[in-house]
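Written out below as structure tokens is the structure these notes cover.
Readers should treat all values here as calculations from the given coordinates under stated rules, not as data from a laboratory. What you are looking at is a predicted structure, and each value in this text was computed from that prediction instead of being measured. Cβ sites come from the backbone with ideal geometry, for glycine too, and all protein chains shown count toward neighbours.
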Amino acid sequence: MSNVDRRPVPQELGGTEQVSSGPALDLLPGKEVSLGERTRVRRLLPTLGRRLVGAWAFVDHYGPDDVTSSSGMQVPPHPHTGLQTVSWLLEGEVHHRDSLGSDVRFRPGELALMTAGHGIAHSEQSPVTHPRYLHGAQLWVALPEAHRETAPAFEHHARLPGFTSDGLTATVLMGSFGGATSPGTAYSALMGTDLDLAAGSSVEVPLEQDFEYAVLAASGSAEVEDVPLDRGAMLYLGTGRRSVRLRAPEAARLLLLGGEPFEERLVMWWNFVGRTGEEIARYTEQWADEDPRFGDVDGYDGPRQPAPPLPPLPLKPRGRER
Ligand code: MN
């Protein structure tokens, strides 16, 4: 998806100031971002309280929305740079097209992973005939300096590895979890896993001590280390944990996201990740000028999505602190 903020605020991300030096339990309630009357999008990252979890730089949770009598998701061609988009559906179907010529429909349980790198454009639409409900998460991963100019790519993985144990069904989207490794290409040490908990289940799952983690309740509610987590909220877990305890009085779907703290400094605005305000301004200009950096999305019937007005970018180039 595209960043649906009409007036997105430039975000400075990265560095280690916000990384907890040990275990934490910080509740991030999320913020509603308006997208018309029908669609409710909750922004979990970045928020005022937290900007990154490992390289995870953006988390939107949308739906479930009844799209029976609407066209559902209609996101015109828009650009990305310097990041990967990880698209994950709990319900519905999405038709993805991009400037590489990809023309793919994906459904729940399937990973749509787009590496923007140097630059890409894509559109996302509910097919004309679509399932009743649309429910999912749009996640972005920041690319480290060594890979942020990589050639754009799109991967569709219809089958993902995972395991079932004690009422938990784990599906690994990115990285490794519990001995299963996703086929999705990752450019930093990170993980993302869907945890489907049966009603009444209580499990303890393994974590990497040097990763920081957060867990989002996408559906149902759960208790994470005894902290109640309602649907649509996220709990930051910090670092230094060997495991986390999960309890689901009712059936719940959680998304566990983690990774090595991301120390590089980033600037993120609208759908772009760069290193300076000047870079962001250049990407915006190139999108407006239909620069070949992004290419054309063949097969999409309609105009491209213009960038919102570029705000003053008080963002000076900053040294990368380590
Ligand atoms: Mn997008």
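Taking every DSSP beta bridge that has both ends in the chain, the antiparallel portion is near 100%.
Summing charges over all other residues whose Cβ lies under 15 Å from the Cβ of His118, with Lys and Arg as +1 and Asp and Glu as -1, gives -1. Anyone know which of Ala281, Ala55, Ala170 comes out most mobile in the 10 Å Cα GNM of the chain? It is Ala281.
Over all other residues within a Cβ to Cβ distance under 12 Å of Leu160, the charged ones net out to -2, with Lys and Arg as +1 and Asp and Glu as -1. Taking GluC sites (Glu not before Pro) as exposed when their DSSP state is a loop state and no more than 12 other Cβ atoms lie within 10 Å, the longest site-free interval of the chain runs over 38-148. The separation of the stretch 206-285 from the stretch 14-30, counted between C-alpha centres, amounts to 9 Å.
Can you give the local net charge around Glu91? Use residues other than it whose beta-carbon is closer than 11 angstrom to its beta-carbon, Lys and Arg +1, Asp and Glu -1. Net charge in that neighbourhood comes out at 0. Of Gln209, Gln138, Gln84, the residue with the greatest mean-square motion in the GNM of the chain, using alpha carbon springs below 10 Å, is Gln209. Taking a ≥ b ≥ c as the square roots of the Cα gyration tensor eigenvalues, the chain comes out oblate, since a/c reaches at least 1.5 and a/b does not exceed b/c.
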